[in-house]
Amino acid sequence: MKKRQYNVLDLFCGCGGLSKGFEMAGYNIVLGVDFNEPALKTYAYNHHGSKTLKGDLSSAKTFEEIEQIIGRKKIDVIIGGPPCQGFSLTGPRNFDDERNKLYLAMIESVHRFSPTAFMIENVPGMATLYKGEVRDEIVRRFTKMGYNVTCKIICAADYGVPQIRKRLVFIGLKDSTRGFEFPTPSHSVENYVTCEQAISDLPSLVDDIGSDVAEYVMPPQNDFQRLMRGECNVLYNHKAVDHKQFVKDTIALVPDGGNWKDLPKGVGESRKFHMAWTRYKSDRPSRTIDTGHRNNFHYKWNRCPTVRESARLQTFPDDFVFIGNKGQQDKQVGNAVPCLMAKAIGEELVKYLK
Ligand SMILES: C[S@@+](CC[C@H](N)C(=O)[O-])C[C@H]1O[C@@H](n2cnc3c(N)ncnc32)[C@H](O)[C@@H]1O
């Protein structure tokens, strides 16, 4: 008998890291919604069975369009990572402030589609914002709508992602007497996947900055690299930034895992803040991938990571192709939920949907 696939709606889908992880866990992603065109192009290119909608989720019109696309289909799960810039509580718990409208979009969608479950992902700072009042208000709102809500800060590295990336995740289960239990970590500090294990097989690009479509130069060196390559035999998005000579000379002075503090006096002083001139540490997971600020460098080569290297650290499989210019691609990768973390949550959530 064919296994039932649960239907998912992904709001603020970006390029679709969260969708990809749920797809890997066996879900059917019906629709991804975002207002960023390049991210949606990447989403459409890589999620063949899903539709995309370009729309502003703070507008009621977008919800009408979502309803039209979904038609009579039952949405089992709503997933989403609304940005929380400028999140504000003006006055006593004024959650309905204009600036919080993107969170309200998640509430609105759950209200309209009444899914069996929802997942919201956000930065860990959301947990303590206004002494936890924002988090508590989100839980309260969904609880009032009949959901049993659990929230927890989890770390991507615990689920096989070569990156220390902590995220606050809310899971709501409709009419459930039990709360969601987050998946048991598959990894711990002793066996975290390291930067070197994640990207050592990718060309160094020391003599040539490479191109968007290229070839692998060596076989995969370990299970992680085999997993990322899958059946893929073309190397996409592995193109280096053409750094100025002074950048290459400066980073050459920073050791594996070091930063600006390791530079001799008078060198690299134009960037002298906390994260400046940081090299990934080869035998550790990377720090949180950003959206391309160019402060992080390869653990060995004198350049920033390529989009493919960052994508590896976010556990996007190698056949996931990023579209747009380099800045847009970096943003898509940096904004995403790591696929393997999303997959672990999706696999656990299935147990509650049956
Ligand atoms: C953190 S990213 C989501 C990443 C995504 N969950 C993933 O795993 O790839 C947030 C997304 O929200 C989108 N966004 C921000 N404001 C929006 C709005 N008003 N309407 C629709 N999308 C919006 C941004 O374009 C961005 O792609």
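You will find that of Asp242, Asp175, the residue that is on the phi > 0 side of the Ramachandran plot and of a type in the set (D, E, K, R) is Asp175 and no other. Taken over region 146-169, the criterion of being surrounded by 15 or more Cβ atoms within 10 Å (Cβ to Cβ) and in a loop (DSSP other than H, G, I, E, B) is satisfied by Gly160, Val161, Pro162, Ile164, Arg165.
From the list Arg99, Arg135, the lone residue that is assigned to a helix (DSSP H, G or I), open to solvent by 60 Å² or more (accessible area, probe 1.4 Å) and either at pLDDT 95 or above or under 29 Å from Cys339 (Cβ atoms) (or both) is Arg135. Under the condition of being hydroxyl-bearing (Ser, Thr, Tyr) and within 12 Å of the ligand (Cβ to nearest atom), the residues counted in region 7-48 number 3.
When region 201-226 is filtered for residues that are crowded, with 18+ Cβ neighbours inside 10 Å and either under 22 Å from the mean Cα position of the chain (by Cα) or of a type in the set (S, T, N, Q) (or both), the ones remaining, listed by number, are Leu202, Phe224, Gln225.
Go through (1) of a type outside the set (S, T, N, Q); (2) at pLDDT 95 or above; (3) out of contact with any Pro (no Cβ under 6 Å at 6 or more places or on another chain) and name the single condition Pro124 misses. Pro124 satisfies all of (1) of a type outside the set (S, T, N, Q); (2) at pLDDT 95 or above; (3) out of contact with any Pro (no Cβ under 6 Å at 6 or more places or on another chain) except (2). When Pro255 is tested against (1) in contact with a strand residue (DSSP E or B) (Cβ under 9 Å, 6 or more places away or on another chain); (2) free of Cβ contacts under 8 Å to residues at least 40 places away in the same chain; (3) part of a helix (DSSP H, G or I), only condition (3) is not met.
Here is a yes/no grid of residues against (1) among the basic types (Lys, Arg); (2) touching a residue at least 12 places away in the same chain (Cβ under 8 Å); (3) in contact with a helix residue (DSSP H, G or I) (Cβ under 7 Å, 6 or more places away or on another chain):
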| site | (1), (2), (3) |
| --- | --- |
| Glu108 | no, yes, yes |
| Arg112 | yes, yes, yes |
| Glu121 | no, yes, yes |
| Gly146 | no, yes, no |
| Ile164 | no, yes, yes |
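When restricted to residues that are at pLDDT 95 or above and in a helix (DSSP H, G or I), region 32-68 contains 18. The set of residues from region 166-200 being under 19 Å from the mean Cα position of the chain (by Cα) and under 26 Å from Tyr216 (Cβ atoms) comprises His187, Tyr192, Val193, Thr194, Cys195, Ala198, Ile199.
You will find that of Ser270, Ser282, Ser286, the residue that is open to solvent by 60 Å² or more (accessible area, probe 1.4 Å) and of a type in the set (Gly, Ala, Ser) is Ser270 and no other.
Checking Lys300, Lys331 one by one, the residue that is surrounded by fewer than 24 Cβ atoms within 10 Å (Cβ to Cβ) and under 13 Å from the mean Cα position of the chain (by Cα) is Lys331 and no other.
Exactly one residue out of Phe12, Phe35, Phe22 is assigned by TED's automatic domain parsing to the domain that holds Arg135, open to solvent by 10 Å² or more (accessible area, probe 1.4 Å) and under 14 Å from the mean Cα position of the chain (by Cα): that is Phe12.
Among the residues in region 236-254, are any more than 14 Å from Arg303 (Cα to Cα) and in contact with a Lys or Arg (Cβ under 7 Å, 6 or more places away or on another chain)? Looking for residues that are more than 14 Å from Arg303 (Cα to Cα) and in contact with a Lys or Arg (Cβ under 7 Å, 6 or more places away or on another chain), one finds at least one in region 236-254, hence yes.
Screening Arg4 on (1) within 12 Å of the ligand (Cβ to nearest atom); (2) without any contact (Cβ under 8 Å) to a residue 12 or more places away in the chain shows it passes everything except condition (1).
The values are calculated or read from the model by the stated rules, or taken from the named source; none is laboratory data. None of these values were measured; they are calculated from a predicted model. We place every Cβ from the backbone using ideal geometry, glycine too, and count neighbours over all the protein chains shown. We work out accessible area using only protein heavy atoms, side chains counted, and drop any ligands, DNA or RNA first. Shrake-Rupley method; radii C 1.70, N 1.55, O 1.52, S 1.80 Å.
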